[in-house]
1. Between Val137, Ser168, Leu107, whose Cα lies farthest towards the positive end of the dipole of the chain when Lys and Arg beta carbons carry +1 and Asp and Glu beta carbons carry -1, centred on the Cα centre?
2. Rounded to the nearest 20 debye, what is the charge dipole size of the chain about its Cα centre when +1 sits on each Lys and Arg Cβ and -1 on each Asp and Glu Cβ?
3. Once amide H atoms are built 1.01 Å from N in the peptide plane, which residues 5 or more positions from Thr150, or in another chain, come under 5 Å H to H?
4. Tell me the mean residue ellipticity at 222 nm calculated for the chain from its helices only (DSSP H runs of n ≥ 4, each -39500 (n - 2.57), averaged over every residue, nearest 500).
5. When the chain is fully extended, how far beyond the present Cα-Cα distance does Ser108 get from Ala162, taking 0.36 nm per residue of separation?
6. Name the most mobile residue of Ser177, Ser108, Ser62, meaning the one with the largest mean-square fluctuation, in a Gaussian network model of the chain with Cα contacts below 10 Å.
7. Would you please put 112-124, 159-171, 63-75 in order of how densely packed they are, using the mean number of other Cβ atoms within 10 angstrom per residue and starting with the highest?
8. Relative contact order for the chain: what is it in percent, counting Cα pairs under 8 Å that are at least 6 residues apart?
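Where a number appears in this text, it was derived from the coordinates with a stated rule and is not lab data. Since we're looking at a predicted model, the values are computed, not measured. Positions of Cβ are backbone-derived with ideal geometry, glycine not excepted, and every protein chain shown enters the neighbour counts.
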Amino acid sequence: MNNSVGNTGRLLWAGLRALIVLTVVCGVLYPLAVTGVAQAAFPGRANGSEIKDADGKVVGSSLIGQSYTDKHGDPDPKWFQGRPQNGLGENSVNTQYKLILSGATNLSGDSGARDGACLPLGAYRTEDERATLCYRVLAARQAVIDDNSTATYRVKGSDVPADAVTSSGSGLDPAISPRYADLQVHRVAERNHLSVARVQRLVDAHKDGRLLGFMGEPTVNVLELNIALKQLTRAG
């Protein structure tokens, strides 16, 4: 009996020591080491890829998109707009980012199509028809055309790129294509009382090429572009 109790006690003590050692190594030393290396080698990425404005204030992350809306929740025409953001809901222009609801729409590519093609926008009349991907994309395209056309510049349907009317896989994409950024130049210039040439130069300066020259697609980070636009409007 005494031997059994003694053996049990030794096993419990050995297990407790193993727990303490593993807790210190895996729960304290390893996280501290990884954090230290990350802060030393990649401080920007380790801190969430923060972006600061001209005043040094952190205004967001280069990895997460933001909404640019007015007090009514509508797209603010003074700013460059990102991709449709609520991937799990409607593909409409500038719906709010929902960080706890990341994801894309589960609608199939031929949702709302007939004979492999979408119908004219006015052909979708019922609620079910307007819940299809075709209707949402067509409605978003019309909104992009209307929002970005000015007195001296008319956007055509063929000018609207795919990323202007569809959300990304996460619904939180911070970047748009250079083509979509260029499409917004006239509207942004008009609303901010700037020349089209100045705004176009701003966009061109914020275009990022393919990674290593061949991976991915060229992009424009909307938050970084709007921070630069804010500085430009201050300068007058």
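1. Ser168
2. So the dipole magnitude of the chain works out to roughly 580 debye.
3. Val155
4. -12500 deg cm²/dmol
5. 17.9 nm
6. Result: Ser108 has the largest fluctuation of those listed.
7. Sorting 112-124, 159-171, 63-75 by mean packing, highest first, produces 159-171, 63-75, 112-124.
8. It rounds to 18 percent for the chain.
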